[in-house]
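> Have a look at this one.
The values are calculated or read from the model by the stated rules, or taken from the named source; none is laboratory data. Only a predicted model underlies this, so the values are computations on that prediction, with no experimental measurement involved. A quick note on method: Cβ atoms are made from the backbone with ideal geometry, for glycine too, and the neighbour counts reach across all protein chains shown.
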Amino acid sequence: MGSRGSFVDVDKGDFSFKVDGQHYKSVGALSSNPNVKVIIQDSSNVKAPEFSHSPNRIYAIVKDGILKHLAFYDINHAQDVAIDLRHSHRGVQPHRHVRMNHSKKEPGVPPTEDELKLIEQIKKEFHLK
């Protein structure tokens, strides 16, 4: 699986991996929604992939048994919404970002009720903190 910019050229449909790009390993899909994939990144920095090989995918990113991020992708494979679970943004934890906007000036926005339910479902099914 690819990572933050590790695909050669998403715009041209080239989903082969760049050499030395960050890579993730899939550990499964949510039983009630196979479009939700749980992935692990083996490096020290844990960030959601910027692009998905599959359109409209949802990735749950795990590090050391802890659910760190939830990332939602659009029809063009680009990250649409990211939810950070383990740190606050302007006093809001967990919080969401839209279209990779991680500006420190923007207010913290909490996840929706549906997103919170999905987070709990993933944690329960995959025994995550």
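> Anything in the range 74-95 that is closer than 16 Å to residue 120 by Cβ and part of a loop (DSSP other than H, G, I, E, B)? List them, or say none.
Across the range 74-95, the qualifying residues are 85, 86, 93, 94.
> I'd like to know if the range 84-99 contains one or more residues that are in contact with a Phe, Trp or Tyr (Cβ under 7 Å, 6 or more places away or on another chain), of a type outside the set (A, V, I, L, M, F, W, C) and either closer than 19 Å to residue 28 by Cα or without any contact (Cβ under 8 Å) to a residue 60 or more places away in the chain (or both).
Quick first cut of the range 84-99, residues in contact with a Phe, Trp or Tyr (Cβ under 7 Å, 6 or more places away or on another chain) only: none.
Scanning the range 84-99 turns up no residue that is in contact with a Phe, Trp or Tyr (Cβ under 7 Å, 6 or more places away or on another chain), of a type outside the set (A, V, I, L, M, F, W, C) and either closer than 19 Å to residue 28 by Cα or without any contact (Cβ under 8 Å) to a residue 60 or more places away in the chain (or both).
> Further question on the same structure: Would it be correct to say that residue 85 is surrounded by 14 or more Cβ atoms within 10 Å (Cβ to Cβ), hydrophobic (A, V, I, L, M, F, W, C) and over 16 Å from residue 112 (Cβ atoms)? Talk me through it step by step, then tell me what you get.
Working: surrounded by 14 or more Cβ atoms within 10 Å (Cβ to Cβ): yes; hydrophobic (A, V, I, L, M, F, W, C): yes; over 16 Å from residue 112 (Cβ atoms): no.
It is false that residue 85 is surrounded by 14 or more Cβ atoms within 10 Å (Cβ to Cβ), hydrophobic (A, V, I, L, M, F, W, C) and over 16 Å from residue 112 (Cβ atoms).
> Continuing with this model, one more query. Being free of Cβ contacts under 8 Å to residues at least 12 places away in the same chain and within 21 Å of residue 126 (Cβ to Cβ) narrows it down to one residue among 29, 71; which is it?
When all the criteria are applied, what remains is 29.
> Give the range 48-68 a look and list any residue that's assigned to a strand (DSSP E or B) and either in contact (Cβ under 8 Å) with a residue 60 or more places away in the chain or under 11 Å from the mean Cα position of the chain (by Cα) (or both), or say none.
Answer for the range 48-68, where residues must be assigned to a strand (DSSP E or B) and either in contact (Cβ under 8 Å) with a residue 60 or more places away in the chain or under 11 Å from the mean Cα position of the chain (by Cα) (or both): 51, 58, 59, 60, 61, 62, 66, 67, 68.
> Something else about it: Among the residues of the range 102-129, which ones are touching a Lys or Arg at 6+ places or on another chain (Cβ under 7 Å) and modelled with pLDDT under 90?
Answer for the range 102-129, where residues must be touching a Lys or Arg at 6+ places or on another chain (Cβ under 7 Å) and modelled with pLDDT under 90: 107, 108.
> I need the full set of residues from the range 96-115 which are in a helix (DSSP H, G or I) and touching a strand residue (DSSP E or B) at 6+ places or on another chain (Cβ under 9 Å), in order please.
So in the range 96-115, the residues in a helix (DSSP H, G or I) come out as 113-115.
Selection gives 115 alone.
> Looking at (1) out of contact with any Pro (no Cβ under 7 Å at 6 or more places or on another chain); (2) in contact (Cβ under 8 Å) with a residue 24 or more places away in the chain, which is the only condition residue 104 fails?
Among (1) out of contact with any Pro (no Cβ under 7 Å at 6 or more places or on another chain); (2) in contact (Cβ under 8 Å) with a residue 24 or more places away in the chain, residue 104 violates only (2).
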